[in-house]
Amino acid sequence: MIALSGAHTLGFSHCDRFSSRIYSSPIDPTLDSSYAQQLMDACPQNVDPSIAINMDPETPRTFDNVYYQNLIGGKGLFSSDQVLNTDPDSEPTVSDFATNPGNFNAAFITAMRKLGRVGVKTGNEGEIRIDCTTFNS
Ligand code: HEM
């Protein structure tokens with residue numbers, strides 16, 4: 001899970017995925033304050049829902065371990081990112097991946113290969129979601 005989340009080193013996300021972190025009172029305290037401001041500037045309330053922003057604010061077009069350095073700096077975009085650094089069970093791995101890119105790369109390869117073997121559920125076993133955040137019906 002910790003290695004797979006490192007995929008968020010690339011790509012972008014729609015504002016509504018994380019707006020509750022910046023438009024709640026108080027603002028999510030695990031967010032770096034200047035990053036929180038940057039997110040508010042990029043995603044004002046009632047923003048066009050098609051607007052998407054980089055998930056890795058530092059090196060958005062490079063597959064690297066900067067995602068983990070961002071977590072240590074309070075720049076994890078989703079709660080599911082930031083919690084990896086605040087939870088004592090995952091923090092040592094975040095710290096390892098942040099300083100040893102080779103360890104992250106190896107763990108990511110292993111995890112993606114495992115994910116690729118999960119397979120597709122058919123019939124009564126499950127369903128392929130049309131929208132990955134909700135059941136089809
Ligand atoms: C355990 C691993 C992972 C976790 C816990 C995770 C979690 C999340 C969460 C919570 C969101 C916010 C969107 C939502 O709530 O629906 C998200 C968005 C996203 N994730 Fe991940 N993710 C993981 C792995 C991955 C991987 C492996 C990839 C790509 C290979 C990926 C690509 C994306 C993209 C592109 C978005 C943005 C979607 C959008 O804004 O429309 N994630 N992820």
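Data for the structure
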item: Among S95, S34, S24, residue whose mean-square fluctuation peaks in a GNM of the chain (springs only between Cα atoms under 10 Å); result: S24
item: Separation of the K121 and S137 label points, Cα + 7 Å toward Cβ, nm; result: 1.6
item: Heavy-atom SASA rank of I72, I128 (probe 1.4 Å, accessible area, largest first); result: I128, I72
item: For R113, solvent-accessible area (1.4 Å; no DNA, RNA or ligand), Å²; result: 150
item: Accessible area per residue in Å² at 1.4 Å probe, computed on the chain; result: 63
item: Portion, in percent, of the accessible area of the chain that falls on carbon or sulfur, probe 1.4 Å; result: 55
item: Estimated vicinal HN-Hα couplings, Hz - region 98-108 in sequence order (Karplus 6.51, -1.76, 1.60; Gly, Pro = x); result: 5, 9, 10, x, x, 5, 5, 4, 5, 5, 5
item: Extension reserve of the I128-Q38 stretch, reckoned as 0.36 nm per residue once the Cα distance is removed; result: 28.9 nm
item: Ranking by accessible area, most exposed first, for H14, H8 with a 1.4 Å probe; result: H14, H8
item: Mean separation of Cα contacts under 8 Å (6+ apart) over length of region 8-117, as relative contact order %; result: 29
item: Under the Karplus curve 6.51 cos²θ - 1.76 cosθ + 1.60, θ = phi - 60°, whole-Hz ³J(HN,Hα) for region 128-135, x wherever Gly or Pro sits; result: 8, 6, 6, 10, 5, 8, 9, 5
item: Label-point separation, S50 to D87 (7 Å along Cα→Cβ), nm; result: 3.6
item: For C43, distant residues with modelled amide H under 5 Å away; result: none
item: Heavy atoms of S137: accessible area, 1.4 Å probe, square angstrom to 10; result: 140
item: Under the Karplus curve 6.51 cos²θ - 1.76 cosθ + 1.60, θ = phi - 60°, whole-Hz ³J(HN,Hα) for region 84-90, x wherever Gly or Pro sits; result: 4, 8, 8, 7, x, 6, 9
item: Exposure of E127 as accessible area (Å², to 10), given a probe of 1.4 Å and all protein chains; result: 90
item: Extension reserve of the T59-F78 stretch, reckoned as 0.36 nm per residue once the Cα distance is removed; result: 5.2 nm
item: Rg to Rh, two decimals, where region 8-117 supplies the alpha carbon set and Rh follows Kirkwood; result: 0.99
item: 5 angstrom amide H check on F12, placed H, neighbours 5+ away; result: M55
item: Span from the region 91-137 Cα centroid across to the region 1-41 one, whole angstrom; result: 20
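The values are calculated or read from the model by the stated rules, or taken from the named source; none is laboratory data. Nothing here was measured: the structure is a model prediction, and the numbers come from that model. Every residue, glycine among them, receives a Cβ derived from its backbone with ideal geometry; neighbour counts consider all protein chains shown. Accessible surface is based on the protein model in full, side chains and every heavy atom, while ligands, DNA and RNA are left aside. Shrake-Rupley method; radii C 1.70, N 1.55, O 1.52, S 1.80 Å.
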